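Nothing in this text is a laboratory measurement; each read-out follows from the coordinates by a stated rule. All values derive from a computational prediction rather than experimental measurement. Neighbour counts run over all protein chains shown; Cβ positions are idealised from the backbone, glycine included.
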Amino acid sequence: MDFSLLLQDIPTLLVVILGVPVVLAAYIVGGEYLVRRLPDKNRPQVRPWIWVGPALILVAAYLLIPAILTAIQSLESNNVDVLDPGTWGTNFVGFKNFARQFADFPTGGAWVAIRNNVIFWLIFYTIFTLIFGLILAVLFDRVKYEQFVKSLIFMPMAISSVALGLIWDFMYEYQPPGEPQTGTMNALVTTLFHHDPVSWLQDQWPGESFNLLNNLALIGAATWGITGFAMVILSAALKGIPGELLEAARVDGAGEITVFRRVILPLMMPTIVVVGTTLVIFALKAFDVVYVMTSGNYNTDVLAYRMYNQLYLASNSGGASAVAIILLVAVVPVLIFNLRQFRAVEARR
Amino acid sequence: MTVAAAAQPTSSATMFSPRWIADHLSRWPLHIAVIGLTAAWMVPTIGLLVSSFRPFSGQATSGWWTAFANPTTFTISNYTQVLSAGTTNLGQAFFNSFMISVPATVLPVSIGAFAAYPFAWMKFPGRNGLFLALVGLLAVPLQLTFIPVLSFYVQHLHWTTNNLEATGIPGLPWVPLWLAHAGYGLPFSIYLLANFFRALPSDLFESAEIDGAGTLTVFFRIVLPLSVPALASLVIFQFLWVWNDLLVALIYVGGTPSVAPLTVNLAGLTTSLGQGSNLLTAAAFFSMIVPLIVFLSLQRYFVRGILAGSVKG
């Protein structure tokens, strides 16, 4: 690589690392100086806005306003520049962009992506992760080397989903029957079960209109990566259960399974729900693993990937906006649930 | 008492007495399950790691587990090849990832710290509503924002990679991405820090105010120093999030080798080298170095960040 570039860019990095906080601090100090010039009663009204101002501007510019503009774009044809309010409505197409995404049920438009997201990913990814996370948290809690095994399970959380996809590409590698299998999964299938090797990422078992196998292969890879996340949070909740409670149950003659079902599980339910909703959001936003491993081929498309595809490969910004809105609609129930939880917690404060 | 302590066998029995042996034997299934599950969890990573040290001839014809029978064939040639090959641009991408991740961490964390303070300790109209909106934004899919932001960048500001590189100002081609990551990272940043600030004891603020300390003094002298653990968690979290991000980088800087980060580069290599290439194994491990170092050395803070705000998506 070109090291002269490095010498040129490192100063930039330093300028940003030091400059950004300094400029911000100067802005706050300057703002405070002006606030002190104000009459006493006006100070508390002005000060907070100076502090939150830069953040609110960035959040509005990158999240709030674009989201609204995307909603407008989804009702317009492609050649509209949504940033120019003068053009709004000139190419109004109503729900045509959506109609195209919802055409030809069950295999046309966005249906495959919708099915994969809101059925396969949402159910299997969430349930698998919760079950694995719970099992690992409960088992690990009982051994002394807990921290060590926990970090090993948690490690995939630190790597990128691109690397994760590559790791699982190698797990799922396929060689024709008779050849020595180089992929771990196929080696297991052929030697343990004497079954023909399976082309995990392409095999659309049990049928093309309901291809569970390759979608589960993708979901399995993603689950492997995120289980550490669920485990860590569930494990923290488990540690919060008072030991006396478990002791009392055991003294009363409850077996370990009963203690788990009747004491541990109910007490952990609120945490399981929080982790579950977070996982549902992750499941609906799934992108990287699909992008790296199958590019949405063999009916493994998901909404986030379809949106990217519509935008870049099809240059269809109206369609891409419609897919983004569909994704939002799928997330909204979770979002409302999150807000309710948040308010309930606030009320208890 | 913790659950772990409660679950330990009450081994008051002397060592190697029949009861001691029975106590320990009864725990074997547990140890086997724990170690077995952990080992199974590691298989994918170990498989790739072993493969990355195998020559192409071995990788193509036999599974990675056969390599242990013949350890002399291990080689680092995959690494030297993939790093030296000019076409892979891995070294450049590694550097780009730093150039993207560091500012994209500094921006949302520092802006978020200032913004979180009023949410925690100042009263102003609309405070609760705004905070609720931020919590809501945590779950909103970023896909919803790409098209307008991108068209603003490209059509109105003419901020394309080519144009920005042509100015010759170092770092400028990443500005669009830095700002986008700042905007996307802020809701989480404010949420986590405001919750932490709020949990600080209010006596601290009151006694400081009685001593005549102004808002600035309280913030810089009391709040910030006490919040170092929360700031550390947030920095690590945001850094790893940006370092591992594929989608946002793909949208705003794309695959141009001079600006693309490791994730985009690696995803591109799966296409150009072909899935299952021996060089890809080495490239994948190379991309994991920084996250793994950060994770292993600062795991405590990372986990704390996860526990503090398990809603980021």
Task: For the protein assembly as shown, with +1 on Lys and Arg beta carbons and -1 on Asp and Glu, the positive-most of B:Leu298, A:Pro177, B:Gly63 along the dipole - done: B:Leu298
Task: For A:Glu76, distant residues with modelled amide H under 5 Å away - done: A:Val93
TODO: Could you work out the per residue convex hull volume over the alpha carbons of segment A:14-161, in cubic angstrom?
DONE: 289 Å³
Task: Vicinal HN-Hα couplings computed from phi for segment A:199-207 (Karplus, 6.51 cos²θ - 1.76 cosθ + 1.60; Hz; Gly/Pro x) - done: 8, 3, 8, 10, 5, 9, 4, x, x
TODO: Provide the gained length on full extension for the span A:Ser315 to A:Leu267, in nm with one decimal, where the gain is 0.36 nm per separating residue minus the Cα-Cα distance.
DONE: 12.3 nm
Task: All-pairs alpha carbon distance profile, segment A:190-329, 5 Å steps from 0, percent - done: 2, 8, 13, 13, 13, 12, 10, 10, 8, 6, 3, 1, 1, 0
- [ ] Would you mind working out the magnitude of the charge dipole of segment A:182-329 relative to its Cα centre, with +1 at each Lys and Arg C-beta and -1 at each Asp and Glu C-beta, to the nearest 20 Debye?
- [x] 300 debye
Task: Three-way shape call for chain A based on the alpha-carbon gyration tensor, with the a/c threshold at 1.5 - done: oblate
Open item on the list: I need A:Arg348, A:Arg261 ordered by Cβ neighbour count within 10 Å, fewest first.
Closed with: A:Arg348, A:Arg261
TODO: Could you work out how far apart the two model spin labels at B:Ala33 and A:Trp88 are, taking each label as a point 7 Å from the Cα in the direction of the beta carbon, and quote it in nm?
DONE: 5.9 nm
TODO: May I ask for log10 I(q)/I(0) of chain B at q = 0.08, 0.13, 0.14, 0.15 Å⁻¹, from a Debye sum over the Cα atoms as equal point scatterers with solvent left out?
DONE: -0.56, -1.07, -1.14, -1.20
Open item on the list: Please report the projected area of segment B:9-160's Cα convex hull averaged over all directions, in nm².
Closed with: 21.0 nm²
Task: Cα point-scatterer Debye curve for segment A:90-234, base-10 log of I(q)/I(0) at q = 0.14 Å⁻¹ - done: -0.85
Task: For segment B:211-224, 3J(HN,Hα) per residue [Karplus equation, 6.51 cos²θ - 1.76 cosθ + 1.60, θ = phi - 60°, Hz, x = Gly/Pro] - done: 6, x, 6, x, 4, 4, 4, 4, 5, 6, 8, 10, 5, 4
Open item on the list: Under a Cβ-only charge scheme (Lys and Arg +1, Asp and Glu -1), can you give me the dipole magnitude of the protein assembly as shown about the Cα centre, in debye to the nearest 20?
Closed with: 1560 debye
Task: Relative contact order computed over segment B:14-75 (Cα-Cα under 8 Å; 6+ residues apart), in percent - done: 23 percent
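Between A:Leu18 and A:His195, how high is the FRET efficiency from 1/(1 + (r/R0)^6) when r is the Cβ-Cβ distance and R₀ = 51 Å? Nearest 0.05.
The value I calculate is 0.25.
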- [ ] Calculate the length of the line joining the C-alpha centroid of segment A:147-161 to that of segment B:170-239, in whole Å.
- [x] 27 Å
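With N set to the number of residues, divide the alpha-carbon radius of gyration of the protein assembly as shown by 2.2 N^0.38 Å and report two decimals.
Working: Rg = 26.6 Å, N = 662, 2.2 N^0.38 = 26.0 Å.
The protein assembly as shown yields a ratio of 1.02.
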Task: Distance in nm between pseudo-label sites at A:Lys96 and B:Thr75 (7 Å out along the Cβ direction from Cα) - done: 5.9 nm
- [ ] Apply the Debye scattering formula to segment B:14-75, with a single equal point scatterer on each alpha-carbon and no solvent, then give log10 I(q)/I(0) at q = 0.24 Å⁻¹.
- [x] -0.93
Task: Mean separation of Cα contacts under 8 Å (6+ apart) over length of chain A, as relative contact order % - done: 21 percent
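For A:Phe148 and A:Trp49 in one chain, what is 0.36 nm times their gap in residues minus the Cα-Cα distance, to one decimal in nm?
Full-extension gain reported as 31.0 nm.
If you rank B:Met122, B:Met15 by fewest surrounding Cβ atoms within 10 Å, what's the result?
Fewest to most other Cβ atoms nearby, the residues stand as B:Met15, B:Met122.
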Open item on the list: Can you compute the radius of gyration and Dmax for segment A:3-94, using only the Cα atoms, both in Å?
Closed with: 21.1, 57
Open item on the list: Once you place label points 7 Å from the Cα toward the Cβ at B:Thr256 and A:Ala60, how far apart are they in nm?
Closed with: 3.0 nm
Task: Additional length obtainable on full extension of the chain from A:Ala344 to A:Tyr27, 0.36 nm per residue less Cα span - done: 110.5 nm
- [ ] Using the Cα centre as the reference, give the magnitude of the dipole from point charges on the C-beta atoms of chain B (Lys, Arg: +1; Asp, Glu: -1; all else neutral), rounded to the nearest 20 debye.
- [x] 440 debye
Task: Relative contact order of chain B, pairs being alpha-carbon contacts under 8 Å that are 6 or more residues apart, as % - done: 27 percent
- [ ] Quick one: what are the phi-derived ³J(HN,Hα) couplings along segment A:78-91, Karplus 6.51/-1.76/1.60 with θ = phi - 60°, whole Hz, x for glycine and proline?
- [x] 5, 7, 8, 9, 5, 6, 9, x, x, 8, 4, x, 5, 10
